[in-house]
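Okay, so here's the structure we're looking at.
The values are calculated or read from the model by the stated rules, or taken from the named source; none is laboratory data. None of the values given here were measured: they were computed from a predicted structure. FYI the Cβ positions are ideal-geometry reconstructions off the backbone, even for glycines, and counts take in every protein chain you see.
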Amino acid sequence: MAQLDIQPLDDTKKLDIQPLDIQPFTKPNIPPPKEGPPTTEESQKPSNFAIDIWNRLSEPLTDAPTRFAKQVSDYMTDPNQSIMLPNGQGGFHDYIAGTLARLRGFEAGATEGVGNILSSLTSPINLAATAATMGEEPLAKAGYENLARIFNLTGKATGVPVMAHGISRIADKDADWGERAEGLAELAGGGTAFLHKPASYAGPAIVDPKLAPSTPPLTAPNIPSRLDIRYFDKFKSYRDVPVGTKYTVSPDEKLPLKIQDAMNLGFEYKGLDDKGRLMIEKTKESPQIQWPQDKATPRSLTADVVNLPRTIMASMDMSAPLRQGLGLIDRPQFWQALPTMIKAFGSREFYDKAMDSIADGPLFRKQIASDGRILPSFAETAGLKLTNMNELTQREESIMSPLLDKVPGFGSSERAYTIFLNKLRADTFNQLVKDLEVLKPGIKANLPLAKDIATFVNTSTGRGDLGPLEGSAKVLSSVFFSPRLMASRLQMLNPMYYVNLQPAVRKQALRSLFALAGAAGTFVTLGKLAGGTVESDPASSDFGKIKFGNTRLDPYGGFQQYVVLAQRLMPSLDLSSIGLDEIGGRMKSTTTGREYDLGNPRFGESTRADTLMRFLRGKTNPIINFAWGLMAGGKEISGKPMDMTNLNPYENAIAQRFLPMLTQDIYDLINDTETPTPAKVGAATAAWFGMGSQTYGQ
């Protein structure tokens, strides 16, 4: 093997290295730029006002997604996080390690790209396009057709510039793949908004009768504005037979009606057979069933907002039994509806099934005539009022706004309120129709009697008749808290209401009135035994109420207020000759016990007119009530100043209109020191089920 000739280094030979001549740096003497036209680079920047506006609209509001993605990307590409593989023959494992490293680099880059895309989607115009596209469908389903159309047009309008900007970024030859990906995302988002089809606005689709179920009851089209009604077609078997089918009809007392139905179904008379029976033949197709269109007008957002405070104040409880349903407390149907109410409070599915069960009853199904017309159900013809949670005019009046239907707590109380009253009305109507033999076999239905039954059931459950003001029900419901409840209480206190009912129904109505008074009297008696006190003077607002400390409980379901008002408005009568005190034209303070003569007031004291106006104000919608207070010098009905700056919502005049009455009652109970604790618990429980409760001191 050849030997390398290695010579030792001759350290006597030195490298000739001269030190560097480093001079201090001096800034070149460059004259400052003169004012004048911009430089070439600056001149390339557009100064158009429209472009500046576009830049502001398309600039992301936040780069948080980009920054977060960058942190994730840095972590993924950090060498300290690399997967260490052992060395192997042929460098095989080194190749895998390199491949994994490149894969991590790709994932890191993709992560940054996603972050950039998410950031770009936070620009005002992208957010507007997204909000318009996503917001249209819920508004359409809620019934706000006009507002949904505006959202649809807004989405299309914002989609066009977003698409244009995305295309420009994709076509930019200097853009990298990340910028092009952002442009592609903008193109897709803008295209989605621009091409988005209008939502299917509220209203049923027309169902082809040929697709209807073969056995009754027929399933109705999806009509969200009504109770989930059912249809019964007793002519279905004849409607479906093909042209050319022949039948014979035996003569009887209903022959003219049978022939008319046959003609409506497309049959023609073909003569008599050898047994004297009529021969008919189907010569043309039967007319299609005239499924009803949804004639419900689109809901008004303004009306929903105006009714929102009232809905909130009447929520978070199960108050239907002792508020509107108290008039039928003597009937077994009242107690049978309680479990249904409780279950519906906790389950929307149970509520839907319970509503379907009501609609499936024979008295509540619509009938399909031989000519295809939809006839009202027997209950509808009689005038029974059932409600639902979909259409404004068909809702219980204390929950007129649907904006909180799906909010836990609020929606639960609305379901409980609606199903309790519907079941109570339907079951009571069914039972009375049966007991009073409204539908005797072989005899025409006694419709006048059925109408009186419906009137009694409606009135007893707070669904009073507004008489000549019925056409203004929607307006009245936006002004007053419960106009139909007011009407029902006045009707039940009016002797003519009972006189005008048929004797059999009058007996039921009087029995219910006396039962209501008896139930309230029993509660008051038990309250007195428990240590409460009762005011016996009808001049006082506490008349008939049971009082524990500073807490008053009113078990009369709203009747007591009208009795007190009548005493205050009526002329003064001296009844000392029959052993009674003077009544009429008097008012007594519930805190001081001081009496006032409303017919001959002293300076600054209330008159009958003042009393009536305070009563009416107390019955108004919360927003009307608030406006009334502002016009009354910024004072509540009690005379207390309206505090609109207090941070405590239960003491703030504005916030109080947006708090459930139950929580306000409980707040007053908690902060009162005069009411015993057991009485507080009892009052809160009674208020939960709808009994009137007030707590106040001097």
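With respect to residue 640, determine if the residue is within 21 Å of residue 312 (Cα to Cα) and out of contact with any Asp or Glu (no Cβ under 9 Å at 6 or more places or on another chain). Judged against the criteria, residue 640 is not a match. With respect to the conditions (1) buried (at least 20 other Cβ atoms within 10 Å of the Cβ); (2) free of Cβ contacts under 8 Å to residues at least 60 places away in the same chain; (3) charged (D, E, K, R), residue 554 falls short on a single one, namely (2).
Results for (1) at pLDDT 90 or above; (2) charged (D, E, K, R), shown as yes or no for each residue.
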position: 625; (1), (2): no, no
position: 636; (1), (2): no, yes
position: 641; (1), (2): yes, no
position: 660; (1), (2): no, no
position: 674; (1), (2): yes, yes
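Out of (1) hydroxyl-bearing (Ser, Thr, Tyr); (2) in contact with a Leu (Cβ under 9 Å, 6 or more places away or on another chain); (3) free of Cβ contacts under 8 Å to residues at least 12 places away in the same chain, the odd one out for residue 685 is which? Looking at each condition in turn, residue 685 falls short on (2). The residues on offer are 572, 577, and the sole one that is of a type in the set (S, T, N, Q) and in contact with a Gly (Cβ under 7 Å, 6 or more places away or on another chain) is 572. The residues listed here are 603, 615; of these, the one that is more than 24 Å from residue 464 (Cα to Cα), out of contact with any Lys or Arg (no Cβ under 8 Å at 6 or more places or on another chain) and aromatic (Phe, Trp, Tyr) is 603.
Taking the numbered list (1) modelled with pLDDT under 90; (2) in a loop (DSSP other than H, G, I, E, B); (3) crowded, with 16+ Cβ neighbours inside 10 Å in turn, residue 286 passes all entries but (1). Mind listing just one residue for me: the one in the stretch 262-277 that is of a type outside the set (Phe, Trp, Tyr) and modelled with pLDDT of 90 or more and, of those, farthest from residue 233 (Cα to Cα)? Once the filter is applied, the top-ranked residue is 268.
For the stretch 349-374, taking the residues that are among the aromatic types (Phe, Trp, Tyr) and touching a residue at least 24 places away in the same chain (Cβ under 8 Å), the one that is surrounded by the most Cβ atoms within 10 Å (Cβ to Cβ) is identified as 351.
Among residues that are in contact with a strand residue (DSSP E or B) (Cβ under 7 Å, 6 or more places away or on another chain) and crowded, with 20+ Cβ neighbours inside 10 Å, residue 543 is included. Among the residues of the stretch 523-530, is there at least one that is more than 26 Å from residue 462 (Cβ to Cβ) and of a type in the set (Lys, Arg)? Yes.
Enumerate the helices (runs of 4 or more DSSP H) found wholly within the stretch 455-503, keeping only those where 3 or more residues are of a type in the set (A, V, I, L, M, F, W, C) and within 18 Å of residue 560 (Cα to Cα). Counting at least 3 such residues, we get 483-492. For residue 500, the conditions (1) over 37 Å from the mean Cα position of the chain (by Cα); (2) within 18 Å of residue 691 (Cβ to Cβ) all hold with the exception of (2). A search for C-beta distances below 9 Å between a residue of the stretch 226-251 that is in the same structural domain as residue 273 (by TED's automatic domain parsing) and in a loop (DSSP other than H, G, I, E, B) and any residue that is at pLDDT 85 or above and aromatic (Phe, Trp, Tyr), counting only pairs 6+ apart in sequence or on different chains, returns 227/364; 229/364; 230/364; 241/247; 245/238; 245/267. Within the stretch 525-539, being in contact with a Leu (Cβ under 9 Å, 6 or more places away or on another chain) and not in a loop (DSSP other than H, G, I, E, B) holds for one residue alone: 527. Here 466, 447, 421, 510 are screened, and the one residue that is surrounded by 19 or more Cβ atoms within 10 Å (Cβ to Cβ) and out of contact with any strand residue (DSSP E or B) (no Cβ under 8 Å at 6 or more places or on another chain) is 421.
Checking each residue in the stretch 557-594 for being polar (S, T, N, Q), exposed (fewer than 15 other Cβ atoms within 10 Å of the Cβ) and within 16 Å of residue 696 (Cβ to Cβ) picks out 589, 591, 592.
Among the residues that make up the stretch 617-625, is at least one of them closer than 16 Å to residue 541 by Cβ, surrounded by fewer than 16 Cβ atoms within 10 Å (Cβ to Cβ) and among the charged types (D, E, K, R)?
Keep residues of the stretch 617-625 that are closer than 16 Å to residue 541 by Cβ, which gives 617-619.
Narrowing the set further to residues that are surrounded by fewer than 16 Cβ atoms within 10 Å (Cβ to Cβ) leaves 617-618.
Remaining after also requiring among the charged types (D, E, K, R): 617.
Yes, some residue in the stretch 617-625 is closer than 16 Å to residue 541 by Cβ, surrounded by fewer than 16 Cβ atoms within 10 Å (Cβ to Cβ) and among the charged types (D, E, K, R).
The test for being in a strand (DSSP E or B) and modelled with pLDDT of 85 or more holds for residue 281.
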